[in-house]
Amino acid sequence: MQPESLMMTAGYDKEWSQGAIKCPIFQTSTFVFNKAEEGKAFFEVAYGLREKDAAENVGLIYSRLNNPNVEILEDRLKIWDAAEDCACFNSGMSAISTVFFEFLKPGSLFVYSAPIYGGTHHFIQHVLTAFGIEGIPFGPNDTKDDILQKINAHPLKDHMKMIYVETPANPTNHLFSLRMCSEIAKGLSKDENKVLLVVDNTYMGPIWQHPLELGADLVIYSATKYIAGHSDLIAGAVSGSKQLIQRVKVLRTFFGNLPSPNTGWLLMRSLETMKIRMEQQQANAKLIAQYLSKHPKVAKVYYLGLLEKGTAQWDIFNEQCKGEGAMLSFDIVGGEKEAFAFLNHLKLIQLAVSLGSTESLAEHPATMTHIDIPENEKKIMNITSSLVRLSVGVEHADDLIADIEKALEKV
């Protein structure tokens with residue numbers, strides 16, 4: 001069956017829950033073992049002391065380690081990326097930080113795409129560096145040779161561990177070739193040191209891009225966004241091979257950043273409507289992008305549906321994306337004053353950060369989500385004072401365009 005059909009039943013046996021058609025919320029902190037030997041076996045697997053036997057059914061221990069709501073959620077979420085396993089978290093940043101800390105150690109080197117989400121940028125620049133972990137940024141115009149030259153010029157080149165990519169990039173929609181990044185990772189890998197390709201797929205969600213099919217080892221989501229889709233919870237997720245996800249889950253146990261049973265239940269609810277929500281959001285975004293591209297007060301629109309055929313960005317889009325998405329940014333003619341005037345006069349579209357929800361949101365990256373990035377780096381990334389980011393929701397497209405038109409009249 002198709003993923004949207006499996007979202008109704010995968011991982012859940014109604015006979016375990018008095019025939020309830022929907023999985024109940026398992027609001028409990030601990031679980032009872034049938035016998036001591038069973039508890040021992042469960043802990044051995046949970047702590048990574050041994051692999052689970054093929055025929056073994058590992059049960060539940062404690063809701064910091066696992067919980068029925070979260071386990072069923074993971075069983076369903078991994079279907080979208082055809083992953084072997086999935087680990088969910090209580091935020092997107094906890095998913096990102098857990099992956100970084102599990103696969104990078106003091107003295108490690110990694111490269112990362114730029115621009116990138118402001119929270120990730122801060123973590124790379126201010127947290128990882130405190131642990132002696134160094135990251136090298138690369139841009140959308142950098143070639144394979146350019147990236148390899150940056151790595152080879154670094155003192156830690158022999159300790160290269162990871163390529164971290166966010167594509168499309170937040171907030172400019174720049175694309176990075178996952179095929180090229182996979183080739184670099186494989187070329188640098190050795191028997192004793194596998195270089196991982198990790199992809200933040202939040203902007204495209206599990207519908208419009210499947211990084212694991214394109215050579216990625218792990219795919220990360222801020223599940224707060226399209227997966228949850230209702231601006232009512234915070235969560236994160238990582239999908240990939242059983243081997244890698246097991247390592248992530250072991251560290252998650254000690255970081256204690258598993259989502260709550262209620263969050264797991266809400267995410268299961270959201271997965272049932274994710275595809276139809278995202279399809280409507282994309283349809284609306286296409287119409288809004290076309291409108292903005294013709295407006296005299298808009299200097300440039302950054303939307304995947306407006307990429308020029310024959311360009312390098314178009315080639316990447318054609319190779320790895322299954323849709324144009326529902327995120328767009330645009331430069332207003334002017335600067336911060338004009339951008340703020342536009343934002344302050346929106347009525348239907350809400351002035352707030354985050355993205356991927358049913359309601360449309362607008363924000364000013366340079367002074368909000370990406371404020372911590374140094375000004376010289378913002379300039380290189382085209383995060384200017386005139387840039388506005390829109391997350392398009394499921395409202396009627398005509399109403400959204402009318403709201404944008406009236407706000408632009410005030411600029």
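A short reminder: the numbers here are calculations on the coordinates, not readings from a lab. Model, not experiment: these values are computed from the prediction. When we count neighbours, we look across all protein chains shown, and the Cβ atoms used for this are built from the backbone with ideal geometry, even at glycine.
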- So the angle from the long Cα axis of helix 178-188 to the longest Cα principal axis of the chain, reported in degrees to the nearest 10, equals 60
- Summing +1 for each Lys or Arg and -1 for each Asp or Glu, what net charge is found among the other residues whose Cβ lies under 11 Å from the Cβ of THR384? 0
- Query: Percent relative contact order of the chain, based on C-alpha pairs within less than 8 angstrom and at least six residues apart?
  - Reply: 17
- Apply the Karplus parameterisation 6.51 cos²θ - 1.76 cosθ + 1.60, with θ equal to phi minus 60°, to every residue of region 325-332 and state each ³J(HN,Hα) to the nearest whole Hz, in sequence, with x for glycine and proline. x, 10, 10, 8, 10, 8, 8, 7
- For every other residue with a beta carbon closer than 12 angstrom to the beta carbon of LYS78, add +1 if it is Lys or Arg and -1 if Asp or Glu, then tell me the sum. -4
- Task: Name the long-range amide H neighbours of PHE89: under 5 Å, sequence gap of 5 or more, or other chain; modelled H, no Pro or chain starts.
- Result: GLY236, ALA237
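Packing-wise, with mean Cβ within 10 Å as the measure, how do 177-186, 206-215 rank, highest first?
Values: 177-186: 18.9, 206-215: 20.8.
Output ranking for 177-186, 206-215: 206-215, 177-186.
Once you list every other residue whose beta carbon is under 9 Å from the beta carbon of LEU109, what net charge do they have if Lys and Arg are +1 and Asp and Glu are -1?
Numbers: positive: LYS157, LYS161; negative: GLU134, ASP158.
Once positives and negatives cancel, what remains is 0.
Would you mind calculating the relative contact order of region 274-409 from Cα pairs under 8 angstrom and at least 6 residues apart, reporting the percent as a whole number?
Details: 219 pairs, mean separation 40.9, N = 136.
Once normalised by length, the contact order is 30 percent.
Go through 164-171, 115-122, 102-109 and give me the packing order, highest mean Cβ count within 10 Å leading. Please report the intermediate quantities before stating the final value.
Values: 164-171: 26.4, 115-122: 21.4, 102-109: 17.0.
Ranking, from highest mean packing down: 164-171, 115-122, 102-109.
Starting with the fewest neighbours, write out SER29, SER97 ranked by other beta-carbon atoms found within 10 Å of each beta-carbon. List each step's numbers first, then the result.
Values: SER29 9, SER97 21.
Listing SER29, SER97 from fewest to most nearby Cβ atoms yields SER29, SER97.
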- Item | Cα gyration tensor, region 1-115 - rounded (a/c under 1.5), prolate or oblate | oblate
- Item | Estimated 222 nm signal from helices in the chain, with DSSP H stretches of n ≥ 4 weighted -39500 (n - 2.57), rounded to 500 | -11000 deg cm²/dmol
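How would you order 299-308, 83-92 from highest to lowest mean count of nearby Cβ atoms within 10 Å?
Details: 299-308: 18.2, 83-92: 23.1.
Packing order, densest peptide first, comes out as 83-92, 299-308.
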